[in-house]
Every structure is written in structure tokens, then in C-alpha cells.
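Student: Submitted below is the structure of interest, expressed as C-alpha cells.
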Amino acid sequence: MITHIYHCSSAVLRDYRTSGGRNRPSGTGKWPEQAGEVDVDFPPPTGGFANPDLGRLLELFKGVDLDKPDSDSAVWVNWEFLQHSLGLGREEVNELMHSARELGLLTTMSLDVDHERWLRHSRIKGCLVVMTCVEESDLRRERAEIAFGFCNVIDDLVRTPAPRGLLGEGDELSEVFVVPNGHLAPRAGPGLDWRRALEVLQALPPALEERGYNAQLGSYGYEKLINLAINAHKRGYTLCVV
């Protein structure tokens, strides 16, 4: 089993519906049946700051909904600025904003995060995103053996000495997202039994939970949109073979 492990201050992974075509995967099933059921949306946590009011303030500026009335939002749209910049009237700008929302291009705004400082000042030290590929040889191994080795890799990584301020006594790094990714294995052949591979992957989150992690398995067989904020330190990116 090949793993690429990313220590992230934020992680968004969503199933992406394609229109098909020659690049559409074949011979691979999909789990779960409905796309989007196990999407991941892990923003920089605001609950880990020593001053809870600071966390509450930052929460107000995360993902500001542009459809909310001005009174229900920490910010508001400067319509006069938009009209002046675009050289359009209010109704025309409204129509553009509506089109952007309908297309899913502009639904929320969010603060620009300095991810390194965020991790340093928060007790909650982000999450781990583990891109995981099952190889043909794994189908002949005991699942308990694979899960044991997989959990050991996660434990070792969490215990690895981190740069000052990134992980200390009382800090938390407990969220683990296991993401199936068959593209990591150049040795894998086209005949891998996807059902058996999925069974191997499904054994990993329960094993992680037994060690105190909050673990989730991502969808299998779907193309994904991935947005990760990774800090460039010793533990920021790790390649392991289990």
C-alpha cells in the first residue's frame, strides 16, 4: 500500500461530476452510490485559540454568505463600487451576481488565511489527508496486518518532532481523512479487483479510531476537486509504503 500524507491546516475534497469522454475511468465501481456523500470540508478551525473571543471573531469572517441580508453578515457587498468598476447599473450587477451564484462561481467570501501562523496560534493543529493506493499484493495480505502498519505510519508521523509551536503538549492533531487514489501506484495493473481493494480501505478508519483518531474514508471511484493548504515543514508531506 502506497500513501502520500499531507499535514493540512485546511482541506476541501469534493466529488466532481464529469461529462464522460475518453478519460472516463472504466472497470472501476463507485462508493458510495451517490456522489458527494463523504465530501470533506475542513476549514482552519477557530475553536483552538486561547482567547475564545478571537475564535468567534474569525468564525464570523469564514465563508461569508453573499445571499444573506447585510444585517446578518459581518461584511456587505459594496454595490456602488461594483457599479462604478464595471460601468453597469444596479440591476445589471444584480443579474451578474445572480448568474455567478447559479453557476456556483461566487457563493461565499472568506478571509485570507496565513496558514502557518494559524497553526502556530491554534491548539487544533489541522488535519492529515492520506492519499492511499491499494496494490495487487495487498489483496493477499491480512487486512488486520495492513491496518496495523497503516496506523503505525500515522502514529509515527504525529509524534515526529515538529517546528516550534506546531505541536506541543495539549495540542490536537486527530482528524484523518483517508482518500482512495489509484494513481499513486505505477506498479498496479489494470486488473485490480476494486471491490476487494475497497474492503481493504474500509478497514482503515475503524483501526484509526481505535487509536483515538477521528477518521473518515473518502469516496472511491469518483474524480475529485481537491484544495489543500499544506505547510512546508518536515511533517508537511510524507511518502510511505505500508
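Student: If you take the alpha carbon radius of gyration of the stretch 44-153 and divide it by 2.2 N^0.38 Å, what ratio comes out, to two decimals?
Tutor: Details: Rg = 22.4 Å, N = 110, 2.2 N^0.38 = 13.1 Å.
Against the empirical 2.2 N^0.38 Å value, I get 1.71 for the stretch 44-153.
Student: Taking other Cβ within 10 Å of each residue's Cβ, how do 72, 112, 171, 15 sort, fewest first?
Tutor: Working: 72 9, 112 5, 171 16, 15 19.
Ranked by crowding around the Cβ, least crowded first: 112, 72, 171, 15.
Student: Please say if the chain is rounded, prolate or oblate, where rounded means a/c under 1.5 for a ≥ b ≥ c the square roots of the C-alpha gyration tensor eigenvalues, and otherwise the choice is prolate for a/b larger than b/c and oblate otherwise?
Tutor: On the way: a/c = 2.79, a/b = 1.42, b/c = 1.97.
In terms of gyration-tensor shape, oblate.
Student: In addition: Label points 7 Å out from Cα along the Cβ direction at residue 98 and residue 227: separation in nm?
Tutor: Result: 2.5 nm between the two label points.
Student: Related question: Going by how many other beta carbons lie within 10 Å of each one, how would you line up 14, 195, fewest first?
Tutor: Sorted ascending by nearby Cβ count, the order is 195, 14.
Student: Just give me a number: lysine pairs in the chain, eight or more positions apart or cross-chain, with C-alpha atoms less than 25 Å apart.
Tutor: Working: 30/224; 62/125; 62/224; 125/224; 125/234.
The result is 5.
Student: Now for a separate question. Can you give me the angle between helix 90-102 and the longest principal axis of the chain, using Cα atoms only, in degrees from 0 to 90, rounded to the nearest 10?
Tutor: Long axis of 90-102 versus the principal axis of the chain: about 10 degrees.
Student: Rank these for me by crowding, 10, 174, going from fewest to most other beta carbons within 10 Å.
Tutor: On the way: 10 19, 174 16.
Ascending Cβ contact count within 10 Å gives the list 174, 10.
Student: Based on DSSP H runs of at least 4 residues, each adding -39500 (n - 2.57), what is the mean residue ellipticity at 222 nm of the chain after dividing by all its residues, to the nearest 500 deg cm²/dmol?
Tutor: Details: 7 runs with 70 residues, N = 242.
Estimated from H runs of four or more residues: -8500 deg cm²/dmol.
Student: Now for a different question. Any idea what the alpha-carbon Rg over 2.2 N^0.38 Å comes to for the stretch 63-109? Working shown, then result.
Tutor: Values: Rg = 10.8 Å, N = 47, 2.2 N^0.38 = 9.5 Å.
Relative to the rule-of-thumb radius for its length, the stretch 63-109 sits at 1.14.
Student: Give the angle, between 0 and 90 degrees and rounded to the nearest 10, that separates the Cα long axis of helix 143-159 from the longest principal axis of the Cα atoms of the chain.
Tutor: Helix 143-159 sits roughly 50 degrees off the main axis of the chain.
Since every read-out is calculated from the coordinates, none of them should be taken as a lab result. Just so you know, these numbers come straight off a predicted model, no measurement behind them. FYI the Cβ positions are ideal-geometry reconstructions off the backbone, even for glycines, and counts take in every protein chain you see.
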